[in-house]
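Below: the structure, in structure tokens.
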Amino acid sequence: GAVIALTYQGMFQILVDERIDAEILARRALEGGTGVYEAIADDPAINMQPVAVQKALAYLRKHGVIPQTVQFETDCPGLRPGQLITIKFVSAGLNDYYLIESVNMRDLQGRINRYRVSAVSGDALGGWLEWFSALARQAQKFVLYDEDQVSMLREITDTVRVYDISIEVPLGTVDRIPESRVEKACVGFSETDWVH
């Protein structure tokens, strides 16, 4: 005959919506548009509102910032988008791995190919080595479709030896030089940077 009263708090989904207004304004100034990028993260292990807010803010601090970009020029060939390079320039505060985003080449009077390289820091992701290691640890199977391209960097060094057949004496050694001027390259002596 006793009356029992039960009081409980139901388990409901916790939804939080966080933003960093300074980063939105920075993206708007840099890229135009609204400057808003949206992402959804799901974590069923979180069961308290303050924890969800803290995780959302940590997610924004990690992924919601414009990464540091470095641009430089070099005369050395071989750099490709997707490669990791070490940039160490202590006076500018640079000493880390950077991921190459783009490489543009221009010809300087038919003598030198100059490359303008743009590389991005992986600090916001915890560093590129950690990011790629985490990706490998997930053991995801990569599937390539017909429209996908895979670029493989191959560096080949060779020399050309020139002989006078009548006297069989070497005339000298000529190192190969990439020819980039239009209508100047000879058939049988050409260079390509991309293999598809």
Which one is nearest to Val65 (Cα to Cα), of the residues in region 1-31 that are of a type outside the set (A, V, I, L, M, F, W, C), at pLDDT 85 or above and surrounded by fewer than 10 Cβ atoms within 10 Å (Cβ to Cβ)? Asp21
In region 96-125, anything within 19 Å of Val65 (Cβ to Cβ) and part of a strand (DSSP E or B) is listed as Asp96, Tyr97, Tyr98, Leu99, Glu101, Ser118, Ala119, Val120, Ser121
Residue pairs within 9 Å by beta carbon, gap of at least six or interchain, first lying in region 45-60 and of a type outside the set (Lys, Arg), second part of a helix (DSSP H, G or I) and open to solvent by 90 Å² or more (accessible area, probe 1.4 Å), listed first then second, are Ile46/Lys55
Matching option when the condition is charged (D, E, K, R), open to solvent by 90 Å² or more (accessible area, probe 1.4 Å) and touching a strand residue (DSSP E or B) at 6+ places or on another chain (Cβ under 8 Å), among Lys88, Lys55: Lys88
If Phe72 satisfies all but one of (1) in a loop (DSSP other than H, G, I, E, B); (2) within 24 Å of Ile100 (Cβ to Cβ), what's the number of the condition it fails? (1)
Of the criteria (1) at pLDDT 85 or above; (2) of a type outside the set (Phe, Trp, Tyr); (3) in a helix (DSSP H, G or I); (4) in contact with a Ser or Thr (Cβ under 9 Å, 6 or more places away or on another chain), which one Arg80 fails: (3)
List the residue pairs whose Cβ atoms are under 8 Å apart, where the first residue sits in region 122-134 and is within 17 Å of Leu94 (Cβ to Cβ) and without any contact (Cβ under 8 Å) to a residue 40 or more places away in the chain, the second is part of a helix (DSSP H, G or I) and open to solvent by less than 40 Å² (accessible area, probe 1.4 Å), and the two are 6 or more positions apart or on different chains. none
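The values are calculated or read from the model by the stated rules, or taken from the named source; none is laboratory data. Please read all numbers here as calculations on a predicted model, not as lab measurements. All Cβ positions, glycine included, derive from the backbone under ideal geometry; neighbour counts span all protein chains shown. These area figures cover heavy atoms from the full protein model, side chains too; ligands, DNA and RNA do not enter into them. Shrake-Rupley method; radii C 1.70, N 1.55, O 1.52, S 1.80 Å.
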